[in-house]
1. Got a number for the accessible area of L85? Probe 1.4 Å, square angstrom, nearest 10.
2. Quick one: net charge of E92's neighbours, Cβ under 14 Å, K/R +1, D/E -1?
3. Subtracting the Cα-Cα distance from 0.36 nm times the residue separation, let me have the gained length for A52 to R141 in nm, one decimal.
4. Please give the length that would be gained between V38 and V108 if that part of the chain were fully extended, namely 0.36 nm times their separation in residues minus their C-alpha to C-alpha distance (nm, one decimal).
5. Treat every Asp and Glu Cβ in the chain as -1 and every Lys and Arg Cβ as +1, leave all other atoms uncharged, and give the resulting dipole magnitude about the Cα centre to the nearest 20 debye.
6. Please work out which option in (i) 10.9; (ii) 13.6; (iii) 9.7 gives mean projected area of the Cα convex hull in nm² calculated from these coordinates, and answer with its label.
7. Could you compute how much accessible surface K67 exposes when probed at 1.4 Å, giving the result in Å² to the nearest 10?
8. Using only Cα atoms and rounding to the nearest 10 degrees, what angle (0 to 90) does helix 80-92 make with the longest principal axis of the chain?
Amino acid sequence: MSGRLIVLCGLAGAGKTTLAKALEADGAVRMCPDEWLVLLGFDIYDRDARIAVEALQWELTQSLVLKGLTVVDECGVWQRSERDLRRRWAREHGAHVELRFLDAPVEVLMERVAERNRALPDRAPHIDPALVAFWDERIQRPDADELALFDPPARSDQAPTAEQGS
């Protein structure tokens, strides 16, 4: 009995958390490293803590998917090797695996991050919008060939068709 793994790829401001929360509202389990880091009292830029949290979340994700649940992996997976690892694991275990790539021009991403920062409480972790431009040069965006290696989104995650109603 295998579930479904939904891998979200994108930079800060691309909409990963917004999409992940919508999928969570439909019953998926959401894995968000930033939220866990904050809840555990770590700085979101603490590299060692991030590595540990992401490893723990990946271990938990595998267990939940094998139990038949849908899990949304929200860590960003900027490198193809990270996406390949998740896809290969899912295929080896007979799980449905989707890659959702969210992107926008870097100027738009920077403005979204700045707007989000303005709306956050004072003690909440803020992301420097200038980092988005730095990260934009480092992400390996999936191309059409890579996207084709993944399953299409489940029909329940798509906009209703005329047959389904609204």
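1. Accessible area of L85: about 90 Å².
2. Numbers: positive: R86, R87, R88, R91; negative: D84.
With Lys, Arg at +1 and Asp, Glu at -1, the neighbours total +3.
3. Working it through step by step, the gained length comes to 29.6 nm.
4. Between V38 and V108, full extension yields an extra 22.6 nm.
5. With only Lys, Arg, Asp and Glu charged at Cβ, the dipole is about 340 debye.
6. (i)
7. So the heavy atoms of K67 present about 130 Å² to solvent.
8. On a 0 to 90 degree scale, this one is about 30.
The values are calculated or read from the model by the stated rules, or taken from the named source; none is laboratory data. These numbers were taken from a predicted model, which means no experiment stands behind them. Virtual Cβ from ideal backbone geometry, glycine too; neighbours counted across all protein chains shown. Please note that ligands, DNA and RNA were not included when accessible areas were found on the heavy atoms of the full protein model with its side chains. Shrake-Rupley method; radii C 1.70, N 1.55, O 1.52, S 1.80 Å.
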